[in-house]
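Contents: one structure, followed by commentary.
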Amino acid sequence: MRFVSKEAKIGAAGIVAIVLLYYGISFLKGINLFSSQNRYYVEFANVCQLTQSSPVYADGYSIGLVRDIVYNYNNPGHVVVAIDVDPELRIPAGSTATLETEMLGTVKMNILLANNPKQRLEPGDTIAGGVTSGLMDAAANMLPAIEKMLPKLDSILNAVNTLVNDPALANTLHHTEQMTSNLNSTTAKLDKVMNSLPELTSNLNTVCLNAQSLTAHMDEKIQQLDVEGTMAKINTTLANVEQMTNKINSKEGSIGLLMNDTELYNNLNLTMANAASLLGDFKEHPKRYVHFSVFGKKDK
């Protein structure tokens, strides 16, 4: 058996390395070389810097890759993009493809599937393409308006700086901090009051129950009283008092005569005056009325 030469080994190793490199690059690009793909062509007027191996989406799902981009020199202004998509996908007739520029500058292709279940495109057919305004295009359209707003923004920033540097703002913030502190203190006191509210409610309920018990006890005592008998006795007493008063006023009996007879009143006054005069004379001249004798001799 003849030995393989060193040159043959090096050549075989180089071929294997090239094949592995090709499959590795294809794998990194997302190209599955071991599965069949359906190729379609999309015609654009502007590919917006679309590159090979860019993903192709349908309804937000990756269905394939861009395999080739060729400028149509026979029809200037048209660029043909070859795409390989999943063979399970059936593209309805009337579908379109759009290019959209993302925030980082990358371009992606979206297949807008038409609602046409009866007619479908066959592999090798051409799909109409267009460009949609992505975020970068929207930002570019906003630049003129932003340029007009810059002077106003500058004026606003100057006004804000003036306001920030104003000492009154610091005083206002200080007062606001004090108000916030007072508000927190008031809130804490209110929380204490609210926490004590159940206890106050319980005490109030106890007082109400005691009041109800006292009222019921008073009602019971009032019911036990002989109100009618008491009222009858009071009426009898008032009638007797009225009868006595009538007798006094009618000059009947001693009390009536004494209170209503003027002559008797005058005589009594005169008698009292004489008695007073006699008592006074007795005090001044007691010997006129009392005689003392040691030997029992009478005065002449």
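The values are calculated or read from the model by the stated rules, or taken from the named source; none is laboratory data. This is a predicted model, so every value here is computed, not measured. Every residue, glycine as well, gets a Cβ built from its backbone with ideal geometry; the counts of neighbours run over all protein chains shown. Accessible surface is based on the protein model in full, side chains and every heavy atom, while ligands, DNA and RNA are left aside. Shrake-Rupley method; radii C 1.70, N 1.55, O 1.52, S 1.80 Å.
Worth a mention:
- For the stretch 197-238, the equivalent ellipsoid derived from the Cα gyration tensor has semi-axes of 39, 9, 4 Å, listed largest first.
- Gained length - ASP166 relative to GLN243, 0.36 nm times residue gap less alpha-carbon distance: 17.9 nm
- Were the residues from THR126 through GLN212 laid out at 0.36 nm apart, the gain over their Cα-Cα distance would be 21.3 nm.
- Given R0 = 41 Å, the distance between the Cβ atoms of ASN205 and ASN182 translates into a calculated FRET efficiency of 0.75.
- Gyration tensor verdict on the stretch 97-243 (Cα atoms; rounded if a/c is under 1.5, prolate if a/b is larger than b/c, oblate otherwise): prolate
- Loop-resident sites, the stretch 43-135, for trypsin sites (Lys or Arg not before Pro), counting at most 15 other Cβ within 10 Å (DSSP): ARG90, LYS118
- Accessible area per residue in Å² at 1.4 Å probe, computed on the stretch 50-162: 64
- Theoretical gain in end-to-end length, ASP154 to LYS9 [0.36 nm per residue, Cα-Cα removed]: 44.9 nm
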